[in-house]
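Enquirer: Below is a structure I'd like to ask you about.
The values are calculated or read from the model by the stated rules, or taken from the named source; none is laboratory data. Small disclaimer: the values here were computed from a predicted structure and weren't measured. Cβ: placed from backbone, ideal geometry, glycine included. Neighbour counts: every protein chain shown. Ligands, DNA and RNA are stripped out before the accessible areas are found, and what is left, the full protein with its side chains, is counted by its heavy atoms. Shrake-Rupley method; radii C 1.70, N 1.55, O 1.52, S 1.80 Å.
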Amino acid sequence: MDNLTPNIIAQHGLTAEEYDKVLEILGREPNITELGIFSVMWSEHCSYKSSKKWLKTLPTEAPWVICGPGENAGIVDIGDGQAAIFKMESHNHPSFIEPYQGAATGVGGILRDVFTMGARPVANLNALRFGAPDHPKTRHLVAGVVAGIGGYGNCMGIPTVGGECTFHASHNGNILVNAMTVGVADTDRIFYSAAAGVGNPIVYVGSRTGRDGIHGATMASAEFNDDSEEKRPTVQVGDPFTEKLLLEACLELMATDVIIAIQDMGAAGLTCSTFEMASKGGTGAELDLDLVPKRAADMTAYELMLSESQERMLMVLKSGREEEARRIFEKWELEFAVIGHLTDTGRLTLKMNGDIVGDLPIDPLAAASPEYDRPWIKTPDPAPIAAEDLAAPNDPCAALKRLVGGPDIAEKHWIWDQYDHMVMADTVQRPGGDAAVVRVHGTGKALAVTSDCTPRYCLAAPFEGGKQAVAEAWRNITAVGAKPLAITDCLNFGNPERPEIMGQFVGCIEGMREACAALEFPVVSGNVSFYNETSGEGIRPTPTIGGVGLLADVAKAVGIGFTGEDQTILLIGETKGHLGASLYLREVEGREEGPPPPVDLATERRNGDFVRRMIDEGRVTACHDLSDGGLFLALAEMAMASDLGAAIEAPNGGLPLHAWLFGEDQARYLLTIGDPETLLAAAAEAGVPASRIGRTSGDRLTVNGAHAISVQELKSTHTSWFPAYMSSP
């Protein structure tokens, strides 16, 4: 046996108690390969040991859900014998260490999660959160991450159609790179990962295995100190051209009846894919590691099992059909190797050079990993902030200009211009709106896709922040006219061993659970990323929500831009002028404090369902949900999207003007319409608050006839920050 010292065990991320469990399971000491396998399988990244107690409480079912969490990606029915398959995952630590390859392989990994289930990917999104703009590493990280995302997605020929990019000092030592892919498949051609059939061959396809990414899953399950550069070898290296070949070869083989099970080799590589397939199918497996295609002849069993080299898949095929599959993969110039077979032992046996180099029970590693009920403490309620206690700005238009030109709201053309968001010719609404709209190829229907989260809300009050993240994704999809179907999530938090961080996680999950249930917007896939902190400094809690919805008729989709002069602008929803935890408070007052706006889910549902019905009936010409920056910022975004101004009137009395303009009350939308009387009557009948606030006209935004700013001045400010920042020395 290898001499496994306490130091070696600790380096593998196992606690003393977990190692005692290893000894109990094996009845002996493991060798170094077996220790490495336990290490990655029981890492936070692969086992969800600190989160699965809470993840089990999330709603995951609806009549249109075909497959919820537990597979490579979630699946929802979109009618006509078709399904949308989607998932979001993090590649945070790798992207901080090596931004180009970290982000690129994050895209590659999430693409494989989707096409391994039989779907052709049709859209990518990403949610990016960087450190303060003046931090010395931020510009370098932005440039590398965006180039990596664009490089991989563009080479694959998949449009990148939406996402987010924000900046905050809490990310100076730990950025967030969350990648999402949506694909479309026929419901009768969906593939799963459960192995079946003793004796059936286990087949390796794709790229050869190298030494890149070894212990990537373990690295992603620990916080950074001052050693991030030393972890560069744990970052995978991607090749999108090979992945494009792998995509086409897999889809070609999937058109036959050869495949029994398929799993991509992502985190923990060959280890995780083998264990998950065998565990789900209740089988055993025997692998001959001499048969694994390698980049170096002297690779050890430890390296082969833990490598996270990219562009690889593992399959179980019908016995006797190997050559049929081999011809397809060799035609696409990809590796194809039968490396083992299924057994009835319930164990994974590894052979190399004629010796048994590993012999492990499958279920205790794959299905019975540690599960912790971490202690947690509730985040204290922040002190309230009354709008009356904040001095009104001398000029609300100057405050608006400050918001539209700030790093978070500034136009992100610099980013999405590097993404081919029109490839495949089905992108109907491009980046920059509430949700991207992508036509389902060859049909008249479309998918609406979005990514959203407001970390400042989640930090101030995790329960309300978790509710709001789901509600805003639901509103984004509703605002283009689509029916929200389901979400995927990427839950980014600090160290769960700290009770205050675990309290943030629990609060956000409980808020998400309430919102998903009330809005019939279930979770069908997702990812948890803990230990996002450096030297004890954690990020703000960021439960990123990726939403997918369906437009039965793509021709009915609406955007945020005004469509003409002299149209009535309606405000849907109630305005109380909530400025706690608001963008206005942070950017204009320089304060990050106060509670976030409360989320009334019954009101969200009522108002959103009404807006969607009005869009479907063709009564709405433009729509934008209200979120960051409130009504005035939403109005400015609509004006800038159309190069058309508007004149609005605040209601007399009641709220201070700055609270009415910049408050972030929820469940609200701005609509433009040609026939206000009919819509107002329908709103009254539905019990939905609706009020006229102005009309589209001219080239300026005007408030109460007293405050005005030109749309072009706003647009110049809005579009200039990002290019100027990225080109500065």
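Enquirer: For the chain, what is the percent of antiparallel DSSP beta bridges, rounded to the nearest 5?
Expert: For the chain, the DSSP antiparallel bridge percentage is about 80.
Enquirer: Here's something else I'd like to know. Just the accessible area for W64, please: 1.4 Å probe, Å², rounded to the nearest 10?
Expert: Probe radius 1.4 Å; accessible area of W64 about 40 Å².
Enquirer: Hey, what's the chain come to in accessible area per residue, 1.4 Å probe, Å²?
Expert: 34 Å²
Enquirer: Find out how many positive minus negative residues lie around M254, taking Lys and Arg as positive, Asp and Glu as negative, among other residues whose Cβ is under 11 Å from that of M254.
Expert: -2
Enquirer: Where does helix 240-254 land angle-wise versus the long Cα axis of the chain, in degrees 0 to 90, nearest 10?
Expert: Between helix and principal axis, roughly 80 degrees.
Enquirer: Kindly work out what percent of the DSSP beta bridges joining two residues of the range 1-127 are antiparallel, to the nearest 5.
Expert: That works out to approximately 90 percent antiparallel.
Enquirer: Going through the cross-link list K445/K556; K49/K280; K483/K715, which pairs have a Cα-Cα distance over 21 Å in this structure?
Expert: K483/K715
Enquirer: Carbon and sulfur: what percent of the range 266-368's accessible surface (1.4 Å probe)?
Expert: Whole-percent figure for carbon plus sulfur exposure: 47.
Enquirer: In the range 316-423, which GluC sites (Glu not before Pro) fall in coil by DSSP and have 15 or fewer other Cβ atoms within 10 Å?
Expert: Answer by residue number: E333, E371.
Enquirer: Give the residue from A650, P729, I673 lying farthest towards the positive end of the charge dipole for the range 648-729; charges sit on Cβ (+1 for Lys and Arg, -1 for Asp and Glu) and the dipole is referred to the Cα centre.
Expert: Comparing the listed Cα positions along the dipole, P729 ranks first.
Enquirer: Now, a different point. Could you go through the range 543-550 in sequence order and give the Karplus-derived ³J(HN,Hα) for each residue, using 6.51 cos²θ - 1.76 cosθ + 1.60 with θ = phi - 60°, rounded to whole Hz, and x for Gly and Pro?
Expert: In residue order, the calculated couplings are x, 5, 10, x, x, 10, x, 10 Hz.
Enquirer: State to the nearest 20 debye the size of the charge dipole of the range 1-158 about its Cα centre, where the only charges are +1 on K and R beta carbons and -1 on D and E beta carbons.
Expert: 460 debye
Enquirer: Work out the charge dipole of the chain with +1 on the Cβ of Lys and Arg and -1 on the Cβ of Asp and Glu about the Cα centre, then indicate which of F632, G536, N72 is farthest towards its positive end.
Expert: F632
Enquirer: Please report, to two decimal places, log10 I(q)/I(0) for the range 351-450 at q = 0.11, 0.20 Å⁻¹ as given by the Debye formula with identical point scatterers on the Cα atoms and no solvent.
Expert: -0.87, -1.06
Enquirer: Leaving out ligands, DNA and RNA but keeping every protein chain, what accessible area does L485 have, in Å² rounded to the nearest 10, with a 1.4 Å probe?
Expert: 10 Å²
Enquirer: Continuing with this model, one more query. Where nothing but the Cβ of Lys and Arg (+1) and of Asp and Glu (-1) is charged, how large is the charge dipole of the range 523-653 around its Cα centre, in debye to the nearest 20?
Expert: 360 debye
Enquirer: How big is the dipole moment of the range 382-431 about its Cα centre under a simple scheme where the beta carbon of each Lys and Arg is +1, that of each Asp and Glu is -1, and everything else is neutral? Debye, nearest 20, please.
Expert: Taking the Cα centre of the range 382-431 as origin, the dipole is about 80 debye.
Enquirer: Then there is this: Round to the nearest 10 and give me the degree value, 0 to 90, for the angle of helix 462-479's Cα axis relative to the longest principal axis of the chain.
Expert: Roughly 70 degrees between the two axes.
Enquirer: Which value results for Rg/Rh of the range 670-711 when Rg is the Cα radius of gyration and Rh the Kirkwood radius based on the inverse mean 1/r?
Expert: Value, to two decimals: 1.09.
Enquirer: Tell me the accessible surface of S727 in square angstrom (1.4 angstrom probe, heavy atoms of protein chains only), to the nearest ten.
Expert: About 90 Å², ignoring ligands and nucleic acids.
Enquirer: For the range 1-65, run through the GluC sites (Glu not before Pro) and keep only the ones in DSSP coil with at most 12 other Cβ atoms within 10 Å of their Cβ.
Expert: Those satisfying the criteria are E61.
Enquirer: Which value in Å does the Kirkwood hydrodynamic radius of the chain take, with 1/r averaged over all unlike C-alpha pairs and then inverted?
Expert: 26.3 Å
Enquirer: Jot down the per residue volume, in cubic angstrom and as a whole number, of the convex hull over the alpha-carbon atoms of the range 366-420.
Expert: 200 Å³
Enquirer: How much of the accessible area of the range 623-729, in percent, comes from carbon and sulfur atoms when a 1.4 Å probe is used?
Expert: On the range 623-729, the fraction of accessible area on carbon and sulfur atoms equals 51 percent.
Enquirer: How large is Rg/Rh for the range 517-565, to two decimals, with Cα atoms and a Kirkwood Rh?
Expert: Ratio of gyration radius to Kirkwood radius: 1.19.
Enquirer: Going by alpha carbons, how many degrees (0 to 90, nearest 10) lie between the helix axis of 499-518 and the longest principal axis of the chain?
Expert: 70 degrees
Enquirer: Shifting gears a bit: Could you tell me how many cubic angstrom of Cα convex hull volume the range 314-373 has per residue?
Expert: So the per-residue Cα hull volume is 151 Å³.
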